[in-house]
Every structure is written in C-alpha cells, then in structure tokens.
Amino acid sequence: MVLVLVLVIAVAFAGVSLYMRLQRQARARSQMAPGGEDGKGASTPPASLIGLKCPGCGQNLKVRAELAGKNVVCPKCRQQALVPAIKVAGT
C-alpha cells in the first residue's frame, strides 16, 4: 500500500515537472521566434534575426532584430544575454 502511494506521488511529481519545463520552453520560443504569440510579424524575413552566443552555456541563439540592446533569456540555461546593437554601414 505504501509502495503504491509512493509510486503515485513520484509519477505526479514527474508529470508536473515535465509540464512546467514544456511551458518554460514554449515561453522562451515565443520570445525568441519571429512573430511571437500574437502572430504579428510572422512573415518577418530571416535577415532580421541577430545571432549571439549565451554567455552562460555557449548556446547559439537567434533573436528578432528589434530586441537589439535588450536582454533575452537563454532557453537552455535560463541566463540573461544582452542582444548586441545592430551596426549600420555608413553611420
């Protein structure tokens, strides 16, 4: 009886942990992907993305160009990374 109760609690904990991890990943994807949750900008061309490396884990990140100069959260290690400003030629 005790073994069954322990097993039920373990399965419930694993389910909640998995659900929370998937929710965090979905939030991170919506912040990083062009268009976000509201669908605006869904036709943003790939050229308007900025590539950077996470300072915590080295993960390659691609973020929307309009996030230049702002902090984003790495979906892998959850550390904040500053998106570099866009340099325009001739200015």
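The values are calculated or read from the model by the stated rules, or taken from the named source; none is laboratory data. What you see is a predicted model, and the numbers here were worked out from it, not measured in a lab. Positions of Cβ are generated from backbone atoms using ideal geometry, with glycine treated the same way; all protein chains shown enter the neighbour counts.
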*Say whether the condition of being surrounded by 13 or more Cβ atoms within 10 Å (Cβ to Cβ), of a type outside the set (Gly, Ala, Ser) and at pLDDT below 90 is met by at least one residue in region 72-83.*
no
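Select from region 27-38 the residues that are loosely packed, with under 12 Cβ neighbours inside 10 Å and either touching a helix residue (DSSP H, G or I) at 6+ places or on another chain (Cβ under 8 Å) or modelled with pLDDT of 90 or more (or both) and list them in ascending order. Step through it out loud before you land on a result.
Let us first name the residues in region 27-38 that are loosely packed, with under 12 Cβ neighbours inside 10 Å, namely 37-38.
Listed by number, the list holds a single entry, Glu37.
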*Does region 6-26 include one or more residues that are assigned to a strand (DSSP E or B) and either among the aliphatic types (A, V, I, L, M) or modelled with pLDDT of 90 or more (or both)?*
no
